[in-house]
Structures are given as C-alpha cells and as structure tokens.
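The values are calculated or read from the model by the stated rules, or taken from the named source; none is laboratory data. If you're wondering where the values come from, they're calculated on a predicted model, not measured in any experiment. Note: ideal-geometry Cβ built from the backbone for every residue, glycine included; neighbour counts use all protein chains shown.
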Amino acid sequence: MKPIGKDYVKKKYDQVVPGGIDEWPVVSLSNNRDAFIKEVTAESIKRIKKLTPKRSSLIEEIETTLFREKLRVKRNPWAVDPPDEADFLQSIKDRLLEISSNDDKEDIDGTLEDILSEIIERYASEIAGNFKKSRFRMARSIVTFGFARLLNASRARGFWSIFSTRYSLQDKIHITGEVEELRTLAKKGTIIMVPTHFSNLDSILIGWVINALGLPAFIYGAGLNLFNIKIFAYFMESLGAYKVDRRKKNLLYLETLKSYSSLAIQKGCHSLFFPGGTRSRSGQIEKRLKLGLLSTAIEAQRVNYQKGKRDGLHKIFIVPVTLNYNFVLEAPSLIREYLRLKGQERYYVENDEYSTSYKISAFLLKFFTKGSDISVSIGRGLDVLGNYVDTDGNSYDKSGRQIDTQEYFTKDGKIISHDQQREDEYTRMLSDRIVEEFHRINKVFASHLVAFVAFEMLQKKFNKLDLYNLLRIPEEDQIIPYEEFKTVFQTVLRRVHEMYNKGEISVSPYLTGDPDKIIAHGLANMGMYHAKRPLIKNKKGDISTQDLNLLFYYHNRLVGYNLEKYV
C-alpha cells in the first residue's frame, strides 16, 4: 500500500511574477476598466446579432429579456440591485412600443442598436471587477492576520493567545497536490482554476490559497448576491472578483458574461470560476457542470491561435481543485433546498441564511475557532481539451503521446474561425474530464466515511422505503449497533485504500491506523458546528443521528465511487 502520511508541506512560496503586483494582468485590466467594458459591449453585441440575424428575432429577444427582468425585480429583488432598475426597464419598454408603431426600417434598426447597446453596457458595467492594488494589499493582510489570530485563539486557548503567532493559516488549511506544477504553469501560460463549490467561504478560501502559493491575483466570478454583504463585497472587489447574477437567464446577459470571461482570458488574466455554477445543494461532488463559462476557455484558446499566438505564454491550462471540509456551515439549508427541489427544474428564490455582515462575521468566527482542518487539493494541469500537460505545458493524449492542441482547431491546414458545434463538443469533453479529476483528487476524510457508511446501512436496512420516507423514520430505528457499524466501516475503508493505491481517490492521513480511532475522529469532526449532530455515539456506545437530513448531506460526498456495494 502507498504510504499515507502528512501530505502537505508548510512552506512560504515566492511570488511567481518577480516584477511584482504591477506586472499582474488583472492590474492592467483594472487600469483600463472603462475601455475593457466597451470592448466587452462591442463583442457581446456582435455575438447576439449573430444569434439573432433577423430584426424580428432581435426584437423578440429584447422583449423576452425585458419580461424576465421585470419579473426578477418584482419577485426576487436584492439590496445590491441598482436603484434605477425599474425606471430603466420602463424606458426600454416605452421605446419598444415606439418601434411597433414605426414603419421606417432604418429608424427601427437605429433604435434597436441603441437599446441593445444600453442593455449590454449596463450588464458589462455590473459584471466588471474593480481590482485595486491598495485594497488588495489591505484585504490580503486582514484575511491573513485576522484568521490567523482566530486560529491561535482556538488552538492555544485563552484571551492572550489571540496575539500569538504560534499557528498560521497553513496549520488549518492544508494545500496538497500538484502545487509546483501549478506555479510553473502560471509562468508559462494562462491558468483557469476550477474548484468544487460547497460553501460561501469558498471564494475567500481559494483567494487565500492563490495568494499563499505566490500566484498573481485571479479574476473570478462571484455570485452577485454575496455583494449584498458589505464585508464580502469589500474583500471580493479587492481580490479580483467580477459579478455573476444567476437570476438573469436571458441571452443578452449570458452572452455578455461569456464575452467578459473570454476577453479577459485572451488578455492573459488567470481566471477562476466554479464550474458547478453554484454551491452543491446535495453535498455531492458536481457531476454536471455549467458549460457557459467553461466554453469561454475553448473560445479564448481558439482566438489566441487565430491571432498567431502559438508560443506557450498563450496556452490556456485548466487546473481542477477540490475543497475538502469536515463540515459546511450552510449544510442544513442547502440540503433542505435540495430535497425540496429534487427532480424539479423550476424558478425559486435562492435563500441565503448568511445575508448580513454580522451573520457572515459570525460565520467566519465560528468556522475558524473550530479545531477541524480544511484540505485544498490541487489537480494536474489540463489543456482545454482535457489532456494532461507536463510542466513545460506540452499536451499528452491518453496513450502518453505528445500532441499539438492547435490541430484541434485546424481544418485543411487553416485555423477554423468559429465552429459552434465543434466547440460545444470540446466543452463537453473538458467538462467530463474535470468531473473525473474532481473525483480522483477528492480527499476522503474520516468524517465523510463514517457518514457514508451510516447512511448506507440505514438505506439497506429500509430498502423498501424511498428517500423521503427513509428520512422520516422514527428515532428508535436510526440506531446502528457499534460493532456492526465497525465491521462494515472496515470493509469500506479497505476498498477506499485500494482505490487510493490505484490513484483513483485521495485520502486523509487520519484514515490509517486503529479503526476505532478513525471512527472516533470522524464522529468528532463531522458537522461539529451544527446544533443537531449528523452522527453521534449514544450512551450505550451505538451509532445514531440527531438529523438524518444532515447525515444524508455528508454521506453524499462519497457518492459516485460505487462504494455502496461494499455495505
């Protein structure tokens, strides 16, 4: 068996870009923000006109956008929304009515062009990040200093320990995996980091990781709803975030968002987005990714080749990352939402219990004063087609043969200008590879394994019940005799170790040794913040739960590995 030991190195990394912050692409983008917004607007209009070649189809698309936006303002307003939104939408409606009574085609086309430009520029201005060097440095210092002080207070105990420097964030947040490869590739091309997404903490966590590894600031898409929270808005604006409003499903907005991402990548900005689109409601690793922003990586690579940019600096690398927690603070509301919406695709208002600065501050305080560790697993670099790359940025197919990715964008010796069907297929290929890598680099914690085994044992015991009835079984039926649990746990643990030896999964160092100690560690760490614990040992020493919904949520982390058959 491969040795499982301490799998992270506490190390201070030098900056990848020796010239300092002024050399970062995100700084250049921010310094030319107004010009970039105009560039995004022009590119978006070009895309939309291509998708709506007829005047009637463009009018229909604008009318659809207007209808959906008015519905959004009425049903699901957010504090971060512009105060003049209703007035703006009304002005668009009035001008559309004028078009309907106008017979002058040239006049109609001019008015449509103006309307489209105004809507798109408004969207682009909302989306655009506003990275500032001074605020970045301050935010970086606050995050590092503040969280480290909380960590020392929790680990060392006592009031004066808050001023201690004994523990750093690297004692709590373990960065593992292909760290050196990531740093090397960041010097050779443009990185697109694609992490799993479980918590609102993810954005700040991954921002800290990027900084800790000495990488330049990344641009990244953060949910506009998080900008309702002043403390989050400050940090995310400072750390390179651009805004993504998931309420807006209309073509005009989505094409603007894709234009923004694609153009920023083409300009060499390292980028980060959560390909699952939103936090995992079920607790499961994402199986289906949102293809919109992912497709911009394919497009940006093709455009770079079209412009004759063949050297390594213009190659785009995809780096999957898994964020591994013993507990997720939002888990109770996330799993309720998942169960309510399971099997249904319908409009709903996203509920966020961490909706104020006070609540998010309490969230962070509780998180960092708990003893549980976090692991961030960095995967191997991929090209935009999902092939592994080496540290020189060269691509290799599944047989280990070196390949030239430009050939995938070439026909009869010429670079294809644009082939939507082909690029859609490449995006699906890349999506599948990212999901595979998520599962391969996912780190199994003891807490994940005890949750999985316990819920599966209950599911097998009551195999005639559907999920919803299973979640309602009485308390007396939720008890599992400890020795029975331990026997099944050891069987599944052996299978996890076999998978680890084959390179199919990653495991925590705590997943070795005495099974009783592993189980005890898992029980102590799983859902440790929640008022009702997902899994406990009762007074008789047997395994039980205080919240079956939460147990189901934490169990789901190991769904997809076919471990069920070992229970």
Next on the checklist: Every residue in the range 473-487 that is assigned to a helix (DSSP H, G or I) and either loosely packed, with under 14 Cβ neighbours inside 10 Å or of a type in the set (F, W, Y) (or both), please.
Outcome noted: E475, E476, D477, Y482, E483, E484, F485, T487
Item to check | Residue list for the range 259-288, restricted to those being over 17 Å from A186 (Cβ atoms) and in contact with a Gly (Cβ under 6 Å, 6 or more places away or on another chain) | outcome: E286
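Considering Q490, Q459, which residue is touching a helix residue (DSSP H, G or I) at 6+ places or on another chain (Cβ under 6 Å) and surrounded by fewer than 17 Cβ atoms within 10 Å (Cβ to Cβ)?
Numbers: Q459 fails: touching a helix residue (DSSP H, G or I) at 6+ places or on another chain (Cβ under 6 Å).
Result: Q490 is the single residue among Q490, Q459 that is touching a helix residue (DSSP H, G or I) at 6+ places or on another chain (Cβ under 6 Å) and surrounded by fewer than 17 Cβ atoms within 10 Å (Cβ to Cβ).
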Checklist entry - Inside the range 502-520, can you point out the residues that are under 9 Å from V444 (Cα atoms) and either free of Cβ contacts under 8 Å to residues at least 12 places away in the same chain or not in a helix (DSSP H, G or I) (or both)? => result I505, S506, V507, S508
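One line per residue, one yes/no per condition, for (1) surrounded by fewer than 13 Cβ atoms within 10 Å (Cβ to Cβ); (2) modelled with pLDDT of 90 or more; (3) within 13 Å of K267 (Cβ to Cβ):
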| site | (1), (2), (3) |
| --- | --- |
| P3 | yes, no, no |
| V9 | yes, no, no |
| K12 | yes, no, no |
| Q15 | no, no, no |
| E23 | yes, no, no |
| I37 | no, yes, no |
| V40 | no, yes, yes |
| I48 | no, yes, no |
Next on the checklist: If I filter the range 528-549 for residues that are among the aliphatic types (A, V, I, L, M), surrounded by 16 or more Cβ atoms within 10 Å (Cβ to Cβ) and in a helix (DSSP H, G or I), do I get at least one hit?
Outcome noted: yes
Checklist entry - Is it the case that the range 222-231 has a residue that's part of a helix (DSSP H, G or I), free of Cβ contacts under 8 Å to residues at least 40 places away in the same chain, outside the structural domain of S199 (by TED's automatic domain parsing) and closer than 23 Å to S333 by Cα? => result yes
Checklist entry - Is it fair to say N556 is surrounded by fewer than 17 Cβ atoms within 10 Å (Cβ to Cβ), within 28 Å of the chain's Cα centre (by Cα) and closer than 30 Å to E437 by Cα? => result no
Checklist entry - Just one of V328, V321 is part of a loop (DSSP other than H, G, I, E, B) and either closer than 30 Å to T410 by Cα or not assigned by TED's automatic domain parsing to the domain that holds K532 (or both); which is it? => result V328
Item to check | Criterion violated by K460 - all others in (1) of a type outside the set (D, E); (2) free of Cβ contacts under 8 Å to residues at least 40 places away in the same chain; (3) out of contact with any strand residue (DSSP E or B) (no Cβ under 9 Å at 6 or more places or on another chain) satisfied | outcome: (2)
Checklist entry - Looking at K290, is it in contact with a strand residue (DSSP E or B) (Cβ under 8 Å, 6 or more places away or on another chain) and basic (K, R)? => result no
Next on the checklist: Among the residues in the range 280-298, are any within 30 Å of K11 (Cα to Cα) and touching a residue at least 12 places away in the same chain (Cβ under 8 Å)?
Outcome noted: yes
Item to check | Selection within the range 414-436 - within 30 Å of V496 (Cα to Cα) and either among the small types (G, A, S) or not assigned by TED's automatic domain parsing to the domain that holds H197 (or both) | outcome: S431
Checklist entry - Quick check, is G292 under 15 Å from the mean Cα position of the chain (by Cα) and assigned to a helix (DSSP H, G or I)? => result yes
Checklist entry - Given the structure, is I192 at pLDDT below 90 and more than 24 Å from P83 (Cβ to Cβ)? => result no
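The rows are residues; the columns are (1) surrounded by 17 or more Cβ atoms within 10 Å (Cβ to Cβ); (2) farther than 26 Å from L563 by Cβ; (3) at pLDDT 95 or above.
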{"site": "D373", "(1), (2), (3)": "yes, no, no"}
{"site": "V389", "(1), (2), (3)": "yes, yes, yes"}
{"site": "D404", "(1), (2), (3)": "no, yes, no"}
{"site": "D419", "(1), (2), (3)": "no, yes, no"}
{"site": "D432", "(1), (2), (3)": "no, no, yes"}
